[in-house]
Every structure is written in structure tokens, then in C-alpha cells.
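Before any comments, here is the structure.
The values are calculated or read from the model by the stated rules, or taken from the named source; none is laboratory data. Remember, predicted model here, so these are calculated numbers, not experimental data. Don't worry about glycine lacking a Cβ; one is built from the backbone with ideal geometry, like all the others, and counts go over all protein chains shown. Surface accessibility is based on the protein's heavy atoms, side chains included, excluding ligands, DNA and RNA. Shrake-Rupley method; radii C 1.70, N 1.55, O 1.52, S 1.80 Å.
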Amino acid sequence: MRFVRMGRLIGVLALLCATSPAFADRFDPVRTAIREQIVESGVPSITVAVMQDGKIIWEEGFGWADREKQIAADAHTMYSLASISKPITATGLMTLVKGGKIDLDRPADDYLGNAKLTARVGDARDATVRRIAGHTAGLPLYYQFFYEDEPVARPPMGETIQRYANLVSAPGERYQYSNLGFGILDHIISRVSGSSYADFMRREVFLPLGLTRTTVDIGPGLEPYTATRYDQNGQPIPFYTFDHPGGSAVFSSAHDLVRFAGFHLKNRLPGQKQILGAAMIDEMHRPIDPQADREEGSGYGIGFNVRTKDGYRVVSHSGGMAGVATIMQLFPDRNVAIVVLTNSSSAAPRIIADKIAATMLPGWKPSPVPTEPETRPFSPTPALVGTWKGTLSTPETEMPVELVFQNDGLIRATFGNQLPTLVSKARFERGFFDGDLNARIPNPDVRRYSYFVHLALKLDGAMLRGAATAIGDRDNDRVRNALTHWLALTKQP
């Protein structure tokens, strides 16, 4: 094994030397950092692109797009983008808004046919297209992956909506990042346009913007140009898809993606049509429901994160899943865009994007390294102490649930006739209780993999209501599912 790793390392070093430019420029320190990331963290490849004032001033690939075939990465290598798919899907959605075929402030249900949203709280009519695009419609945490070497097939989107499109918070009340919402949006795009989501995006977004190495999933004939996704052990991950392609399924090159970013910076790039006007682009970059619970100083527009950092307005999105870590940052006030793509899960895109930004933007400081929240002893408020009883709802059935909050901070949970279990990582902030536990949920979709249950419940007088999400454990770096169920509990006298 040591010889195999040594051989791989030698191959990477040789490739890095081979791709080094013959001249020195201001990005040389970033190149050094990229090589360090590839060697130290084992990322197979890192590809970057930088645009300023409508011109690509740097694009370069480092490492292997495909180790087994020894295909080097370059600026035209197509990478799985993960959640950077969302601003791209949102751009397609806005072309239909521009054409008068979709109204952002109409209920999403108006465009969904027979498969409707289920309002467990609030009014489904308030779950507008705009709020779904901004993660404030009340839809829950959700993802569901389907691997080509496993027997489970992706269900029709209508079935997913009927089973899991529960509004677990009132529309406009809370920001909750939801892949399901963008699966609903790609379904709306398909229904309204009369084309498949993939065909519509190619015809109305990719080709008009000159994005010839951008597709939904891997387009026919583009397989040789696509970076293989690798797990943490350096092994290729079998191809996978989702029932939320609008949130996760786009592939693109760094060259194409920085051109997409340039379009959103309102640059007139060669070979691009003006598929959206400046006012619509501005609308996409404005936060939706600013009052919704979110990190201070940040918001979410129509498919884009928006924030201010170190005096700069940043419009961005990142992506991460099995074999993928990506980032796209736009700085509208400086007309600068940065793209970093990799084909393995790591912190490399954030680190490298910060180094590029520090080169381009005076005063830019590295982002703090994300850490696990500090675990503190849980001390329940008097309003929580006591016994709570209610019902967990699944697509097939219902199950009685009991939570007991003790004065000493212990929380006992009983699901159905299962043995009581303790809730860990408990916290209560801004009226919401969160915690994890081990319990079994009677839903065939969650039985396929091992999982734990995450609770996210709002305290509303004598009610605790919200989400009980079965989150699958990682298996050889394969991301599994996060499937949310409605849970409502009442405090007992």
C-alpha cells in the first residue's frame, strides 16, 4: 500500500511540475497553495478561473481529472457542481418569469399539477415560487441519492412531492436550506416549458450563454471531459443522481462557470445572449424574507447567497457532496468573479478562493475554519420541562412519540413501542429545539441504510412542532439520504 501511495504522489508531483506556467505573476503564491492542498489533503485535482471586468485573467487546472486514465485537469474539465446547480437552475427559472410564464409571487402549487405541497403549519398558498427559490417556503432539510451500482431507482418527482413536500414551518418564518425546493423548481420548469429540465436548460441557458461544457448530469459524448468523483480514500465513486436535479445535478467547467458568473456581473461577454436584463439579475441577488432566521449579515436571494464581508458585497454559492467541493464568488462592486472546482470532498475550494480574493481585493481576510459547535450541557427552560406526547407522520402511517425533558437536562425519547433513548446534542435557541437520537421510523425509504434522527421543533405555547429527519450515515463516503417527517407534540398537564 505504501508503494501505491508513493507512486500516486510521484505522479501528482510530476503532473504539478508539468502544468506550472513558464512565467511568474501575482497568482504564483496561489499556485503554490494549490499544489500544497493536492499533496497534503489528497485532492485529485483543483481547477480555478478568475474574471475581472469581463475578461478571464487566469484559468488553470492542477492534478488529475481521472487518475486511472491519467487525464490531467484543465480549465475545460467538467466537474460536478453540487449546489452551485441552484443559481444556474434559478437563472433558467427567471427566463420563464421574463417570458410571463411564471409569476414568482404565485403559489408553487399553481404550477405543480396533481402533486401538491402539504401545509403541516401555515398556508400552502404562501409557499410561493420566490420563497421556494429562497429557502423560506417552509420546506425541510432533504436530500436523496441514487447510485448506479445499487438497485434503488429515482422515483418520479410527483411521488417525491407527495411523500416529502411537507411545510414544517410557516412560509416566510424561517430559512431552511432545502434541496427538495430546487427539485420542485426543476419540476415546475419542465411542466411550464413542456421540455425536460435538462433540455430546457441546454436550450435556454447553456447555449445562449456560450456554455458548451455545461450540462445536467453528463451529456452524451462529454464523458471523456468529465472529472471523476473520488472518495476520501482516493477511490472512484460510482455515478449517482438525485430526485432534486435542479439543486445538485449540473456539471460545468471552470471556464464555463466563470463565464456564467460574468453574465451575473452584467458583463457583455463574446458569444453570450442577454437572456435576462439587469433588473432581473439584481432581483436574484436581493435577499428574500430578510426577517427569516439566518446568520447575521447574510441572506439568500433567488438561488444565490448574499452577504457583506470585509467591506465587500459577495454574491456566491458553494457545493459539497460525495466526491465534490466547489465554490463560486461574485464581487459586483469590483466586477470580479472567482471559481474553484475539485473532484473530492475537502476544504480546498474555500481555502484557495480566499487566497485568490486576498490577491484581488485589498483587506480581504481568510474565512474562519468551520468548527463543530461547542457542546454545552443542556439546561431546559421551564417551558420545556415536562412530558410531551404526540404523533410522527410518515408517508405510510403514524407513530406515537413521547419526549420527556428533565430538570437535570436529560431528555428521554420514546418512538412507538421502541425502548426509550436519550437525546444528544440538545440545544434551544430562538424558540427552536434541536437534538439527535437513535430511533426507527416506519418508512421503507429510510430502512435501506443506517441513520440517526435529528429533531428541529418550534416551541409554540403548549406545542412542539416541526421536523424529525432521518439522516443516513456515510458509507465509504457515499452520501445517503436526509428524509424529513412531520412531528407534533403537546405538553401534558
Checklist entry - With all protein chains present, how much of the accessible area of region 372-463 (probe radius 1.4 Å) comes from carbon and sulfur, to the nearest whole percent? => result 51
Next on the checklist: Per 0.36 nm of contour for each residue apart, how much would the distance between residue 101 and residue 369 grow if the chain were fully extended, relative to their Cα-Cα spacing?
Outcome noted: 92.2 nm
Item to check | Residue-normalised accessible area of region 300-439, given per residue in Å² at a 1.4 Å probe | outcome: 45
Checklist entry - How do 387-398, 70-81, 244-255 rank on mean C-beta neighbours within 10 Å, highest first? => result 244-255, 70-81, 387-398
Checklist entry - Where in region 41-60 does the label zone of residue 335 land, with the point 7 angstrom along Cα→C-beta and an amide N cut-off under 18 Å? => result 50-58
Checklist outcome for this item: Cα-Cα longer than 18 Å, checked against 458/491; 309/355; 55/355; 86/116; 55/273; 55/86, kept in input order, equals 55/355; 86/116; 55/86
Item to check | Surface share of carbon and sulfur [accessible, 1.4 angstrom probe, percent] for region 212-312 | outcome: 50
Checklist outcome for this item: The computed P(r) of region 99-235 puts the percent of Cα pairs beyond 26 Å at 34
Checklist outcome for this item: Given [x] 22.0, 74; [y] 23.1, 77; [z] 28.4, 115 as possible values of Rg and Dmax of the Cα atoms in Å, the one from the coordinates is [y]
Checklist entry - In whole percent, how big is the carbon plus sulfur part of the accessible area of region 154-198, probe 1.4 Å, protein atoms only? => result 44
Checklist entry - FRET efficiency for residue 275 and residue 40, Cβ-Cβ distance as r, R0 = 41 Å, nearest 0.05? => result 0.50
Next on the checklist: Using a 1.4 Å probe on the protein heavy atoms only, what accessible surface does residue 258 show? Give it in Å² to the nearest 10.
Outcome noted: 0
Checklist entry - Per-residue ellipticity at 222 nm for the chain, helices alone: DSSP H runs ≥ 4 residues times -39500 (n - 2.57), over residue total, nearest 500 deg cm²/dmol? => result -7000 deg cm²/dmol
Checklist entry - Summing +1 for each Lys or Arg and -1 for each Asp or Glu, what net charge is found among the other residues whose Cβ lies under 11 Å from the Cβ of residue 311? => result +2
Checklist entry - Any idea what angle helix 85-98 forms with the longest principal axis of the chain, computed on alpha-carbon atoms, 0 to 90 degrees, nearest 10? => result 90
Next on the checklist: If I take R0 = 30 Å and measure r between the Cβ atoms of residue 474 and residue 72 in this structure, what FRET efficiency does the formula 1/(1 + (r/R0)^6) give, to the nearest 0.05?
Outcome noted: 0.55
Item to check | Within region 419-448, trypsin sites (Lys or Arg not before Pro) in DSSP loop having at most 13 other beta-carbon neighbours inside 10 Å | outcome: 430, 447, 448
Item to check | Counting DSSP beta bridges with both ends in the chain, the antiparallel % (nearest 5) | outcome: 95
Checklist entry - Going through region 232-308, which GluC sites (Glu not before Pro) have at most 16 other Cβ atoms within 10 Å and a DSSP loop state? => result 295, 296
